[in-house]
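Engineer: Below is the structure I would like to discuss, written out as structure tokens.
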Amino acid sequence: MADRRGPGRRWRLRAARVLAVAGVLAAAVVASPAAASGTATDTTTATDTATATATGVAAAAPPPYLTLEASYGAGTVTNGWESVERYRDTTTGFRTEGYPPDGRGDQDGKRLTYFGGVSRPSSDRFLLYSAPGWNSGSRTTPVLLVHGANDTADRAWANPGEAGGYGCGAASCPSTGLMQYLAGRGHRVFAVGFAHKQGDNLMQAQVVGDAIAVIKAKLGVAKVDLVGWSKGQMSTRAYVSSLKPSWGRAYAGDVRRLVTLGGPNGGYDYPYAHGWAHDFSIWPECGGKVNAPSPHSHMTCYGTYTAHPEFSMTPSGGHDNYPGQRQMLARWDGVYGVDGAAQDWYTTYYGGQGFYTAGGGIQAAVDAGSLIGPLHSAGVPASVTTYLLAGGSADVLGIFNENRGPSDGVVFVSSALDTTGIPTVGGKVTIAGANHLELGWHGSAAAQVATWLS
């Protein structure tokens, strides 16, 4: 018992501070605009007028399969954004994805307001954030920011400190981010907010296309630039590569540049390589509350052996709440080995019954639906110039950092800079002083992104 509680206490202390990073990689009835009239207003006319005045191009209507359900502006929108709109894609094929039953994956904070009070919205809904200057900035090509897993457009791009201490990867967090940095330099900045925090990357790629379609209609432009952070790399890259569900729309040829920040271009295996430490932030009996999948089907916490299929990386017991994480997996044991010092390291990575845990192993999860191979095979169009940014500092506070090779604490540098399937590479840079959660606001990272977008 002492052996079980010793490491448990140590990792629970870290897990209490993990916040978004442990999940980074780590059909609901939506209230009608009328029902949300206390906080939402229809700003279409004013927006169209402002756009036409600022750009000289009359704003067009978005595609007919997109419905504007609600708009939020001054008095409701926070964190420096000018407005937030909620859209619904009426295309048959979208669905309500699974959510952990204990509520850890539910929408919260201002996002709950923006989604019409629905905590578990269907994935056919999305939010489009607009930054100040979205219709008046001097830069020709607008920018769409796409956040990562278990994150929001607010925390990722506008207020890294929104989640509290350690939520930004550092001991103290700034109150502004890449949105303000780019907008202050004349960029017309937008961001997308997904209905599901760990959702299917192929459905989210369709949403990325939807957001681009709305931006094009608003501004009368032909192309946008995409910036995808962490898991956000998956949906942005899937969109331009036309990797899609059978019912989905193909790439519309409307992206000029793609920038990935700490994106697992070569995949990642962190949950399996460090599963013992990872699980203490997840397993309820160990005090875990983080919205992230576990590599294990069973685990012993304080003498009690329990099963939690709702937190499984793969479909289990009628649950499949973390498809987006499974889609990012790739094995790195052939390059960097496995953490042999971790409890149950062999059975965690390769599958089987360990002393405290049991699970199917990483290969079973890869076989259940990783998208890394399909993305490499599909390839980014040569017309899309792609830039890859990696973090070089494995010092994310509050977690066990990836230590088997050079990393940003979660993703290997060699994965973030992997150019397989990318024919037109505009640049590759490692920010030595930035970890995975700092890539969206670190000064050097922001400056590099701005340079690539200029």
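Engineer: Going by the alpha-carbon gyration tensor, a ≥ b ≥ c the square roots of its eigenvalues, is segment 270-349 rounded (a/c under 1.5) or, if a/c is not under 1.5, prolate (a/b greater than b/c) versus oblate?
Structural biologist: Verdict is oblate for segment 270-349.
Engineer: With both partners inside segment 299-454, how many of the DSSP beta bridges are antiparallel, as a percent to the nearest 5?
Structural biologist: 55
Engineer: Greater than 31 Å separation of Cα atoms is the criterion. Which listed pairs, K110/K289; K197/K428; K223/K428; K223/K289; K110/K428, meet it?
Structural biologist: Result: K223/K289; K110/K428 exceed 31 Å.
Engineer: While we're here: Taking every eigenvalue of the Cα gyration tensor of the chain, multiplying by 5 and rooting it, what semi-axes result, largest first, whole Å?
Structural biologist: Here the semi-axes work out to 35, 23, 20 Å.
Engineer: Below 8 Å between Cα atoms, with a sequence gap of 6+, how large is the relative contact order for segment 326-454 in percent?
Structural biologist: 21
Engineer: Now, a different point. Contact order normalised by length for segment 290-356, with contacts defined as Cα pairs under 8 Å and 6 or more residues apart; what percent is it?
Structural biologist: Relative contact order for segment 290-356 comes out at 22 percent.
Engineer: Of the beta bridges DSSP finds with both residues in segment 115-215, what % are antiparallel, to the nearest 5?
Structural biologist: In segment 115-215, DSSP labels about 55 percent of beta bridges as antiparallel.
Engineer: Right, another one. With a cut-off of 15 Å, note down the residues of segment 257-278 whose backbone N falls inside the zone around a label point 7 Å from the Cα of S414 toward its beta carbon.
Structural biologist: Answer for this model: 265-270.
Engineer: Just the accessible area per residue of the chain, please: how many Å² with a 1.4 Å probe?
Structural biologist: It amounts to 33 Å² per residue over the chain.
Engineer: Rounded, prolate or oblate: which fits segment 157-207, taking a ≥ b ≥ c as square roots of the Cα gyration tensor eigenvalues, rounded meaning a/c under 1.5, else prolate when a/b beats b/c?
Structural biologist: Because a/c hits 1.5 or more and a/b fails to exceed b/c, segment 157-207 counts as oblate.
Engineer: Okay, moving on. What value in Å³ per residue do you get for the convex hull of the alpha-carbon atoms in segment 339-454?
Structural biologist: Considering the Cα atoms of segment 339-454, their hull volume per residue is 117 Å³.
Engineer: Could you tell me the calculated FRET efficiency between Y305 and S172, based on Cβ-Cβ distance and R0 = 51 angstrom, to the nearest 0.05?
Structural biologist: According to the calculation, E is roughly 0.80.
Engineer: Another question, then. Normalised by the empirical 2.2 N^0.38 Å for globular proteins, what value does the Cα Rg of segment 396-439 take?
Structural biologist: Against the compact-globule rule of thumb, the ratio is 1.27.
Engineer: Hey, what does the equivalent ellipsoid look like for segment 147-246, semi-axes from the Cα gyration tensor as sqrt of 5 times each eigenvalue, largest first, whole Å?
Structural biologist: 24, 18, 9
Engineer: Given 0.36 nm per residue, what is the gain on full extension from D102 to V335 after removing their alpha carbon distance, in nm?
Structural biologist: Separation in residues times 0.36 nm, less the Cα-Cα distance, equals 80.2 nm.
Engineer: At 222 nm, what helix-only mean residue ellipticity would the chain give, in deg cm²/dmol to the nearest 500, using -39500 (n - 2.57) for each DSSP H run of four or more?
Structural biologist: -7000 deg cm²/dmol
Engineer: Taking just the C-alpha trace of segment 275-433, give me its Rg and Dmax in Å.
Structural biologist: 17.1, 57
Engineer: Just how large is the dipole of the chain about the Cα centre, in debye to the nearest 20, putting +1 at every Lys and Arg Cβ and -1 at every Asp and Glu Cβ?
Structural biologist: Roughly 480 debye for the chain.
Engineer: Something else: Decide, for segment 328-375, between rounded, prolate and oblate: order the square roots of the alpha carbon gyration tensor eigenvalues as a ≥ b ≥ c, take rounded if a/c falls under 1.5, and otherwise choose prolate if a/b is larger than b/c, else oblate.
Structural biologist: Because a/c hits 1.5 or more and a/b fails to exceed b/c, segment 328-375 counts as oblate.
Engineer: Continuing with the same structure: Could you work out the relative contact order of segment 237-320? I mean the mean sequence separation of Cα pairs under 8 Å and 6+ apart, divided by the number of residues, in percent.
Structural biologist: Answer for segment 237-320 is 15 percent.
The values are calculated or read from the model by the stated rules, or taken from the named source; none is laboratory data. Quantities reported herein were computed from a predicted structural model and do not represent experimental measurements. Positions of Cβ are backbone-derived with ideal geometry, glycine not excepted, and every protein chain shown enters the neighbour counts. Just the protein is used for accessible areas: all its heavy atoms, side chains included, with ligands, DNA and RNA removed. Shrake-Rupley method; radii C 1.70, N 1.55, O 1.52, S 1.80 Å.
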